[in-house]
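First up is the structure itself, then whatever we jot down about it.
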C-alpha cells in the first residue's frame, strides 16, 4: 500500500516573479488526479509580459518525468555555497556545452528551457512523475499507471486560466518515451508531440534487445538517476557522487518528510529486479506497459539520432511508422544524445512545428498535406571523427516516405573464407566456430567483409541477417538440458585504407553503424502480423513462442538489425560481425547478466554453418541516386 506522509494534501505552492528573465515561477503546484487522492506536483513557468497581465492565454509545453523538477541541469552559484545546502545539479559538464540560448537558472536535464520558451510565448510545466521528487504515490516508471497520471496532467494544463487550451509535449529520452504513451490515450487539449530520441517499445527498444536483457544501462539509470529521487527518501539533498555523468544529485528533501526503508520499498517497482525476473513480452510486468502506437492521432515530429544504436533509434523510427497521425514527420540527426536538442537550427524546427499546431502560426507548411517532406535524413559521408560538432557538416536530404521507396534490398552472402559476397557461394559443408559468452574484455567474434565498393554507395534503412547457427556445450558439460544461443551482430564501416570509421554515440563515445541481437530460443517470427516486413522480421517474444535449442542442431534464424545510414565512398567497404557477446560500440548498454545468460545454458562453442543447404546473408538497403 502506498503511504502518503500526511492525511491532508497541503498546498505547497510558491509564487515568484522574475523580472530579469521576464517570467512568473510557480513552484510545487499540486495537480489533482482522477484515480488517486494524491496529487502530482509541478513547477509552472509563465510569461511575465503586458499581454500576460492583460489576461492573454498561452499554449503550454509539458514534461513529465523522474529526474527532479527542482534539480538544476547545472548550478548557478559558487560550488562552496552549493555544497552547504546540498549540491543540486544534474550534469555540469554537459550543461557547459549547451547552446547558451538555453542555459538559465531554471534549466533541467533533457527538458525545454523555461526562459527561452516563455519568451517565445509559451507556458512551461515541468512535472515530477508519480512517486518521485515532490509527487507522492507508487514509483513505477514507464507504466500504464503513471501514464494515467500524465493524461490528467495534460488535461489539467489545458484547463488553467493561463492556458490557451492547447498543450504540446517536448523533451528528450524519458521525456520523449512518455509522450508516445500518453498521446495514445488522447487527452483533451493535446495538440502536438515532439518525441526527441525516445524509445516507443519498452521491451524491444530498451530492456530486452532480441530477447536479451540490456542490464547495465538499466542498473546505472535506475540507481543513479531515478531511485535517488524517490518521494520520501531521507537525505536526498545530501546525495552526491562523482561528476562523470548524469545523475540526480541532491534533489530537495521531501517537504512532507521521510518514509522508512520498508515503506520506500513498498512504494516502488524496481526496474533492475523486474526486468531480470521477467523474460517475455506477455509477462504481466511487460504486458502492463503495452499500448498501441496506432491510437496516436495528434501531429508528431519524431526525431531519431543515427548514433543511438542501443536505446532510442529504433523506437523513433517505429513510432513514426505506426502512429495514426495525419501529420507526422521523421527527422534523423547526429551528435551526442544531450546536445542537438538545444542546437539553434534544431530548436528553430521545434519552434516552427509547435507554433503551427499550438498557435496556428504555420510559417513552414507543417499543417498543409504534402507541403513538408515527411522524412528528413542526415547523410553520414566521410570520416569527420566521432565529434558532435564536426558531424554538423553532414548534408541533409528530404524523402517522401520511410523506408525510402526506391530502396533496393540487396543480399551480401557470408562465405567460409570471411567474405561478404554479392553472389551466393558454392562451397562444401563447413562451419566457423567461436567461443560462446564473449565479453567486452574477451571478445569472441567472426567478421565478414565486402569487397571494396567500386562506386559511392548509399545504405539507408533497415538491415536484416539470415544465419544458420548451432551450439556445442563445453567438453564435459551435459549436452542435454536447457541450451541457448545469443547472437550479437554489428555492421562496421571501413575506409579505403581499411581503417574503421566511427560515429558519435549516445555518450559521445565511438560507435559503429548499427547493431542487432537475437536469443535463438526466441527465433519464432510472426509472419501473419501486419508489422512483419521482409526487411524487419516481427517477433512477439511471448512465452509461448519459445522453441528449444538442442546441442549441435543447426537453426536458421532471421535477425533484425537496427536501421542505419552511411554513404560508403569509392574504395570503402563494410564489415559484418557475428559475436557471442557485446563488442566495441556498446558502451554502457551491455548484456552481461549472469542470471539472464547463465553459463549452464550458453557456455561452449557457437558455430555458423556453410554449404549448399545453409545460406547466410545480410540484406542491406541500397539507395540508388534520385533520377533527375
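Where a number appears in this text, it was derived from the coordinates with a stated rule and is not lab data. Note that the structure is predicted; figures quoted are calculated from it, not measured. As a convention, Cβ positions derive from the backbone with ideal geometry for all residues, glycine included, and neighbour counts pool all protein chains shown.
Here are some notes:
- For the range 305-336 and the range 374-426, distance of Cα centres in Å: 16
- When Rg and the Kirkwood radius Rh are both evaluated on Cα atoms of the chain, their ratio Rg/Rh stands at 0.98.
- Between the Cα long axis of helix 174-183 and the first principal axis of the chain there is an angle of about 80°, rounded to the nearest 10.
- For the range 382-455, the square roots of the Cα gyration tensor eigenvalues, ordered a ≥ b ≥ c, give a/c of at least 1.5 with a/b no greater than b/c, which places it in the oblate category.
- Between the range 582-628 and the range 210-288, the Cα center-to-center distance that results, in Å: 31
- The chain: angle of helix 144-159 to the longest principal axis, Cα-based, in degrees nearest 10: 40
- Cβ-derived FRET efficiency at R0 35 Å, residue 241 paired with residue 348, nearest 0.05: 0.45
- Three-way shape call for the range 544-592 based on the alpha-carbon gyration tensor, with the a/c threshold at 1.5: prolate
- Per-residue [θ]222 nm for the chain (sum of -39500 (n - 2.57) over DSSP H runs n ≥ 4, rounded to 500): -4000 deg cm²/dmol
- Prolate/oblate/rounded call for the range 315-355, Cα gyration tensor, a/c under 1.5 rounded: oblate
- Average Cα contact separation per residue, the chain, under 8 Å, 6 or more apart, as relative contact order %: 14
- Pairwise label distance in nanometres, residue 265 with residue 477, each label 7 Å out on the Cα-Cβ vector: 3.4
- In degrees, nearest ten, helix 344-354 long axis to first principal axis of the chain (Cα): 70
- With 0.36 nm allotted per residue and the present C-alpha distance subtracted, the residue 426-residue 409 stretch has 3.9 nm of extension available.
- When both bridge partners sit in the range 14-399, DSSP labels roughly 45% of those beta bridges antiparallel.
- Structural descriptor for the range 280-343: relative contact order 36 percent, calculated from alpha carbon pairs under 8 angstrom and at least 6 residues apart.
- Rel. contact order, % - alpha carbon contacts under 8 angstrom, at least six apart, the range 408-623: 43
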